[in-house]
Amino acid sequence: MTNQYTPDKHQVAQSFAHAAQQYDDVAILQRQTADELLDRLSLVKIQPNRILDLGAGTGRNLSLLAAKYPKAELIALDIAPAMLKQAQHRFQSDAGLKRWLPTHQQPAYMAGDAEALPLADNSVDMVYANLSLQWCDPTKCFAEIQRVLRPGGLLSFTSLGPDTLNELRQAWAAVDDYPHVNIFYDPHDIGEAMMNSRLAEPVLDVDRLTLTYETAIALMKDLKELGAHNVNEGRRRGLTGKQAFEKVINAYEPFRKDGLLPASYEVIYGHAWCAEETQKQEKDGTVKIPVSQIARRTAS
Ligand SMILES: C[S@@+](CC[C@H](N)C(=O)[O-])C[C@H]1O[C@@H](n2cnc3c(N)ncnc32)[C@H](O)[C@@H]1O
């Protein structure tokens with residue numbers, strides 16, 4: 001893979017735990033991509049019995065998934081337990097009075113890592129992951145998703161590509177050589193990891209979105225409140241000096257357009273299927289094909 005990096009897991013969990021309270025106030029991009037992902041699901045004929053919201057965060061998408069698939073059991077999984085606590089409150093308050101109905105189903109909340117899912121093989125019908133997989137090693141998380149999906153199950157996700165926050169990255173490059181902005185995998189690498197994990201018919205497309213800010217400080221504050229500030233290993237530890245901040249602010253200014261500073265996002269939309277039973281590989285690498293499905297050769 002061309003863009004290897006190691007997100008510090010502990011740091012990811014900590015960052016998002018700290019962000020849990022104020023995340024919803026600043027998650028503009030996240031809401032937009034979540035809604036687009038849900039819209040895209042309307043085009044897919046699937047009636048999932050169990051849905052995994054992977055990296056569920058504050059759970060904003062749980063009630064939307066529940067409304068779209070009222071019969072499905074939901075699992076909200078996140079590496080940051082504080083996020084799940086918020087999700088639990090939010091699901092209850094989104095339900096309003098409906099939460100008293102006997103038919104009202106609570107999601108199951110699970111703390112866990114997308115790279116080592118605490119779920120059984122072939123146990124979910126759909127994995128919905130909005131802007132969470134960019135914090136993971138694609139090889140590991142797609143292998144895990146493939147493992148837990150039932151044959152015929154669907155993965156639908158958004159992630160971020162390497163052009164994300166390129167203005168901020170360039171501005172920091174004028175200050176020092178440390179990676180101050182998260183490094184994201186290239187769509188080609190993501191596609192390759194999906195293929196290697198034996199997810200079937202993977203489809204990826206990229207959308208470019210720009211948020212605008214009055215100041216570079218406002219952007220950096222938003223990233224911090226989202227829990228999305230730099231978590232790459234090799235990042236500069238300790239305090240970043242006042243002088244360095246002044247330098248980065250100045251280096252961001254040339255990007256100003258129509259009075260505002262742009263922050264670019266390369267959003268990757270992806271989906272793939274879990275191969276039907278006949279093609280799903282066992283742990284030892286073998287593929288079991290039921291005798292009934294082996295076509296007889298007839299002499300021509
Ligand atoms: C940007 S938030 C998105 C939250 C939610 N999906 C949404 O649409 O608002 C990313 C979430 O992914 C979670 N996350 C990051 N790395 C993870 C991992 N390895 N396993 C599970 N969750 C992870 C974070 O804790 C955070 O809640």
Taking placed amide H atoms and a strict 5 Å upper bound, the residues 5 or more places from ARG50 or on another chain that come that close are GLU73, ASP125, MET126
Here the range 126-143 yields Karplus 3J(HN,Hα) values (6.51, -1.76, 1.60; θ = phi - 60°; whole Hz; Gly and Pro given as x) of 8, 10, 10, 9, 9, 6, 10, 6, 5, 8, 10, 6, x, 4, 6, 6, 5, 4
Footprinting proxy, LEU101, LEU204, LEU74: sorted fewest to most Cβ within 10 Å, the residues are LEU101, LEU204, LEU74
Tell me which residues come under 5 Å, amide H to amide H, from PHE184 once H is placed; ignore anything under 5 positions away on its chain.
none
Partnerless cysteines, meaning none of the other Cys C-beta atoms lie under 4.7 Å away, in the chain
CYS274
For TYR109, enumerate residues with amide H under 5 Å from its amide H, sequence gap 5+ or separate chain, H modeled in the peptide plane.
ALA76
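Would you please classify the overall shape of the range 45-150 from the alpha carbon gyration tensor, given that a ≥ b ≥ c denote the square roots of the eigenvalues, rounded means a/c under 1.5, and beyond that prolate means a/b larger than b/c while oblate covers the rest? The partial results should precede the final answer.
Details: a/c = 2.22, a/b = 1.44, b/c = 1.54.
Taking the square roots of the gyration eigenvalues as a ≥ b ≥ c, the range 45-150 is oblate.
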So what are the ³J(HN,Hα) numbers for the range 215-224, from phi and the Karplus equation (6.51, -1.76, 1.60; θ = phi - 60°), rounded to whole Hz, Gly and Pro as x?
9, 5, 4, 4, 5, 5, 5, 4, 4, 5
FRET efficiency for ALA111 and ALA67, using Cβ-Cβ distance with R0 set to 22 Å, rounded to 0.05
0.30
Fewest-first ranking of SER42, SER159, using other Cβ atoms within 10 Å as the exposure measure:
SER42, SER159
For a paramagnetic label modelled at 7 Å from the Cα of ASP205 toward its Cβ, which residues of the range 171-192 fall within the zone defined by backbone nitrogen distances under 18 Å?
187-188, 191
Applying the Karplus parametrisation 6.51 cos²θ - 1.76 cosθ + 1.60 with θ = phi - 60° to the phi angles of the range 14-22, what ³J(HN,Hα) value in whole Hz is obtained for each residue in order, glycine and proline being reported as x?
5, 4, 6, 4, 5, 7, 3, 5, 9
Subset of LYS71/LYS221; LYS45/LYS224; LYS221/LYS257 violating a 30 Å alpha-carbon distance limit:
LYS71/LYS221; LYS45/LYS224
Could you work out the mean projected area of the convex hull around the alpha carbons of the chain, in square nanometres to one decimal?
19.8 nm²
When the chain is modelled as a GNM with alpha-carbon springs shorter than 10 Å, which of ALA27, ALA87, ALA56 fluctuates the most?
ALA27
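So for TRP273, TRP135, TRP172, TRP100, fewest C-beta neighbours within 10 Å to most, what's the order? Spell out each step's value before the answer.
Working: TRP273 19, TRP135 27, TRP172 23, TRP100 8.
Neighbour counts put them in this order, fewest first: TRP100, TRP273, TRP172, TRP135.
Among DSSP beta bridges whose residues both lie in the range 9-293, state the antiparallel percentage, nearest 5. Display every interim value, and only then the final one.
Details: 23 of 41 bridges.
Close to 55 percent.
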Compute the separation of the alpha-carbon centres of the range 134-159 and the range 13-87 and state it in Å as a whole number.
15 Å
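Can you tell me the dipole magnitude for the chain around its Cα centre, using point charges on the Cβ only (Lys, Arg +1; Asp, Glu -1), in Debye to the nearest 20?
Dipole of the chain, to the nearest 20 debye: 760 debye.
Only the coordinates and a few stated rules stand behind these numbers; no lab work does. Remember, it's a predicted structure, so these values are computed and weren't measured experimentally. Using ideal geometry, Cβ is built from the backbone for each residue, glycine included, and neighbour counts are taken over all protein chains shown.
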